[in-house]
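J.: Pasting a structure below so you can have a look.
The values are calculated or read from the model by the stated rules, or taken from the named source; none is laboratory data. Predicted model, so just to flag it, every value in this text is computed and none were measured. Reconstructed Cβ throughout: ideal geometry from the backbone, glycine too, with neighbour counts over all protein chains shown. In case anyone asks, the SASA skips ligands and DNA or RNA and just uses the protein heavy atoms, side chains included. Shrake-Rupley method; radii C 1.70, N 1.55, O 1.52, S 1.80 Å.
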Amino acid sequence: MHDERPTWLTEPCPPWCVAEHRQHDHPDDRVHRGESTTLAGFLARGAVPTEFEEEPAHLGVQVLRPVGGATTWVEVREAEGARHRLTVTLATARDLGRLLARATG
């Protein structure tokens, strides 16, 4: 975080926040943001993915929470173009992680 704390930032940043908060940030941009991670993925075209119909995509994954908000979100989006985006609560992302661990364990 930047050395000078904006007057609108009345709460501490969560430990994962890497955002540089500035005094003149637009209210819509006042968000705690975690570091973005890029994963390889595909955009499915049909109801059931097949290797011949899928479009490769780089997926950006980031944790975020609006300043003053109570809910932490996980966003998965196309890293380039951002045509598609999925946003779920951190609790839902944890449930998904447990489901995937059971399915692959």
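J.: Looking only at segment 43-67, which residues are in a strand (DSSP E or B) and not aliphatic (A, V, I, L, M)?
T.: Answer for segment 43-67, where residues must be in a strand (DSSP E or B) and not aliphatic (A, V, I, L, M): Glu55, Pro56, His58, Gly60, Gln62, Arg65, Pro66.
J.: Does at least one position in segment 13-20 carry a residue that is of a type in the set (Asp, Glu) and either modelled with pLDDT of 95 or more or open to solvent by less than 60 Å² (accessible area, probe 1.4 Å) (or both)?
T.: yes
J.: Hey, can you tell me all the residues within segment 28-42 that are assigned to a loop (DSSP other than H, G, I, E, B) and under 20 Å from Thr10 (Cβ atoms)?
T.: Arg30
J.: For segment 46-55, state whether one or more residues are hydroxyl-bearing (Ser, Thr, Tyr) and touching a strand residue (DSSP E or B) at 6+ places or on another chain (Cβ under 9 Å).
T.: Within segment 46-55, not a single residue is hydroxyl-bearing (Ser, Thr, Tyr) and touching a strand residue (DSSP E or B) at 6+ places or on another chain (Cβ under 9 Å).
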